[in-house]
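The values are calculated or read from the model by the stated rules, or taken from the named source; none is laboratory data. All values derive from a computational prediction rather than experimental measurement. We place every Cβ from the backbone using ideal geometry, glycine too, and count neighbours over all the protein chains shown.
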Amino acid sequence: MAYLLGVDTGGTYTDAVILDEAADRVVASAKALTTRPDLSRGVGGAIDAAIAASGVAAADIAMVSLSTTLATNALVEGQGGRVALIFIGFEEAELRRAGLDEALKGDPVILLPGGHTHAGNEVAALDLARLETEIANLGPGISGFAVAASFATRNPAHEIAARDLIRRTANRPVTCSHELSAGLNGPRRALTAVLNARLIGMIDHLISACEAHMAHLGIAAPLMVLRRLPHDGRGGGNAHNRARRRQRGASDRGT
């Protein structure tokens, strides 16, 4: 008999429920306080209590689903990690468009020549050596990176090159604007990428906490994560990575 485990982490409580798939009925449910910054205690407490109340063996759980409102809450409350924006092919004045400077809240910006034209032709070569130096000078405390290049929705080559370098040298999650939105408005795309990048660390920690407790209990089932979570910028082909790689973007005019 297959059972499903659902986990939902909210700002105050983390809920877990065991569902009998064949009978389409809830076998047991449990609640624990959401524990921040260490989410693993709340996640683990809710899962343990639900499994204990159900009498279901961990080996009989066929799938685990994870959802959360933490990202939404963090956006509303202005929370999230410190990020760096890689702004390619834009002037500094464009940081004041679309509320981008407000969203950055003083976080660092690396301005680089580059980007493409409306037709997708390269305006200037991207200086990856300079980017690597600038990243090294940022110091500790950056939880994620946002990358936005001029007309990246017409040609994402510079965003992709910057992303690959950051992954290789900084080992931090990267959000590229072209992956979130098909809109041409560059500052608006950058804003979406910044907001997404600010939440990556929190969501990655939640997923890791759930995975770690599953492994501790011997639950070998796949972990499915709700699509509404931020794009994690890491790639990967399993179910929860695919879910973390989607976020709705804005659709606007401009570069």
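Conditions tested, residue by residue: (1) hydroxyl-bearing (Ser, Thr, Tyr); (2) under 21 Å from Gly139 (Cβ atoms).
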position: Gly55; (1), (2): no, no
position: Ala59; (1), (2): no, no
position: Met63; (1), (2): no, no
position: Leu66; (1), (2): no, no
position: Thr69; (1), (2): yes, no
position: Glu77; (1), (2): no, no
position: Phe87; (1), (2): no, yes
position: Phe90; (1), (2): no, no
position: Glu102; (1), (2): no, no
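Can Gly99 be described as in contact (Cβ under 8 Å) with a residue 24 or more places away in the chain, in the same structural domain as Pro156 (by TED's automatic domain parsing) and either among the hydroxyl-bearing types (Ser, Thr, Tyr) or in contact with a Gly (Cβ under 8 Å, 6 or more places away or on another chain) (or both)?
The answer is no for Gly99.
Filter the stretch 69-96 down to the residues that are at pLDDT 90 or above and touching a Gly at 6+ places or on another chain (Cβ under 9 Å), then identify the one that is nearest to Gly6 (Cα to Cα).
Just the residues of the stretch 69-96 that are at pLDDT 90 or above, to begin with: 83-96.
Of the ones still in play, those that are also touching a Gly at 6+ places or on another chain (Cβ under 9 Å) are 83-84, 87-90, 94.
Details: Val83: 31, Ala84: 34, Phe87: 39, Ile88: 41, Gly89: 44, Phe90: 44, Glu94: 43 Å.
Filtering first and then ranking leaves Val83.
What are the residues in the stretch 182-224 that are surrounded by fewer than 23 Cβ atoms within 10 Å (Cβ to Cβ) and hydroxyl-bearing (Ser, Thr, Tyr), if any?
Across the stretch 182-224, the qualifying residue is only Ser208.
Being in contact with a strand residue (DSSP E or B) (Cβ under 6 Å, 6 or more places away or on another chain), farther than 17 Å from Glu94 by Cβ and of a type outside the set (Phe, Trp, Tyr) narrows it down to one of Glu122, Glu159, Glu179, Glu132, so name that one.
Checking each option against the conditions leaves just Glu122.
Conditions (1) surrounded by fewer than 20 Cβ atoms within 10 Å (Cβ to Cβ); (2) basic (Lys, Arg); (3) more than 16 Å from Cys176 (Cα to Cα), marked per residue:
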| site | (1), (2), (3) |
| --- | --- |
| Gln79 | yes, no, yes |
| Phe87 | no, no, no |
| Arg97 | yes, yes, yes |
| Gly114 | no, no, no |
| Ala119 | yes, no, yes |
| Val123 | yes, no, yes |
| Leu126 | no, no, no |
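So, in the stretch 102-124, how many residues would count as being touching a Gly at 6+ places or on another chain (Cβ under 7 Å) and either among the aliphatic types (A, V, I, L, M) or without any contact (Cβ under 8 Å) to a residue 24 or more places away in the chain (or both)?
2
Could you tell me which of the residues Thr9, Thr35, Thr69 is of a type in the set (S, T, N, Q) and surrounded by 18 or more Cβ atoms within 10 Å (Cβ to Cβ)?
On inspection, the qualifying residue turns out to be Thr9.
Determine which single condition Asp101 fails, assuming it passes every other condition in (1) within 17 Å of Asn196 (Cα to Cα); (2) over 25 Å from the mean Cα position of the chain (by Cα).
(2)
Looking only at the stretch 4-36, count every residue that is without any contact (Cβ under 8 Å) to a residue 60 or more places away in the chain and either farther than 17 Å from Gly55 by Cβ or not assigned by TED's automatic domain parsing to the domain that holds Val64 (or both) and tell me the total.
Counting residues in the stretch 4-36 that are without any contact (Cβ under 8 Å) to a residue 60 or more places away in the chain and either farther than 17 Å from Gly55 by Cβ or not assigned by TED's automatic domain parsing to the domain that holds Val64 (or both) gives 11.
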